[in-house]
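Notes follow once the structure below has been shown.
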Amino acid sequence: MVMGVAIYLPHQYGRLLATAEDVDHLNPTWDEWRAVCDETKRNLRSIGIEPIDILFDLDAFEKYRAERGLKNVGGTRADYVAEQLRNQQSAISDQQSDTGSHL
């Protein structure tokens with residue numbers, strides 16, 4: 001089993017904090033977030049879940065959110081990461097299918 005994990009960009013983290021409606025649920029600094037993220041990934045692996053890093057580009061997320069009329073809250077961010085993971089896995093699957101058809 002795999003799970004997407006949001007990987008926030010250090011230079012965008014302040015903007016995430018400024019725009020999130022649930023800022024009280026976020027780590028106050030990128031460094032603190034990174035330490036918690038690393039621990040969470042270790043914990044996931046210990047229970048048999050492979051964390052997959054999903055680059056969380058705030059510009060792309062804002063577009064995603066605006067197109068759907070969604071708030072910048074944890075559930076929306078989680079849904080965005082899940083969609084990005086599905087897209088990534090679909091692209092990999094498509095590449096593997098294309099490679100297999102040329103054998």
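The values are calculated or read from the model by the stated rules, or taken from the named source; none is laboratory data. Everything numeric here is computed off the predicted structure, so don't read it as measured data. As a convention, Cβ positions derive from the backbone with ideal geometry for all residues, glycine included, and neighbour counts pool all protein chains shown.
Structural remarks
- Condition check for Glu21: at negative phi and either assigned to a strand (DSSP E or B) or free of Cβ contacts under 8 Å to residues at least 24 places away in the same chain (or both): no
- Tyr64 vs. criteria touching a helix residue (DSSP H, G or I) at 6+ places or on another chain (Cβ under 7 Å), assigned to a helix (DSSP H, G or I), at pLDDT 95 or above and farther than 20 Å from Val2 by Cα: yes
- Answer residue from the stretch 25-40, given it is part of a helix (DSSP H, G or I) and either among the polar types (S, T, N, Q) or in contact with a Gly (Cβ under 9 Å, 6 or more places away or on another chain) (or both) and is surrounded by the most Cβ atoms within 10 Å (Cβ to Cβ) among those: Trp30
- Considering the conditions (1) modelled with pLDDT of 95 or more; (2) farther than 24 Å from Val2 by Cα; (3) assigned to a loop (DSSP other than H, G, I, E, B), Leu103 is excluded by exactly one of them, (1).
- Test: residue in the stretch 41-61 that is on the phi > 0 side of the Ramachandran plot, touching a residue at least 12 places away in the same chain (Cβ under 8 Å) and not in a helix (DSSP H, G or I): yes
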